[in-house]
Amino acid sequence: MSGSKASIEQLRLVRFNKACEMLAVSRRTLVKLVEQGQIKIVKVGVLNQVEVSEIERFINENRSGECDEQ
């Protein structure tokens, strides 16, 4: 059972507003990403939350390797 406790302890959730801030997108854009299945959410009661690891995965998968800002 300690294996599942470790997994739960590693799970870090943020609310939608914080996830939007971390991704630098609007709430509408985040909702679209969720609807398209690009970002998975965790429902906790009435709140939709996002795992920090899910945000990191999305960023890493969509990194282009190019820098637009100079």
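Note on surface exposure: 64, 53 rank 64, 53 by accessible area, highest first, 1.4 Å probe. Amide H to amide H, with H built 1.01 Å from N, residue 39 comes under 5 Å of 34, counting only residues 5 or more places away or on other chains.
The Cβ shell under 13 Å around residue 49 holds other residues with a net charge of +3, Lys and Arg each +1, Asp and Glu each -1.
The values are calculated or read from the model by the stated rules, or taken from the named source; none is laboratory data. Just so you know, these numbers come straight off a predicted model, no measurement behind them. Methodologically, a virtual Cβ is constructed for each residue, glycine included, from the backbone with ideal geometry; neighbour enumeration extends over all protein chains shown. The accessibility values were calculated without ligands, DNA or RNA, using every heavy atom of the protein model including side chains. Shrake-Rupley method; radii C 1.70, N 1.55, O 1.52, S 1.80 Å.
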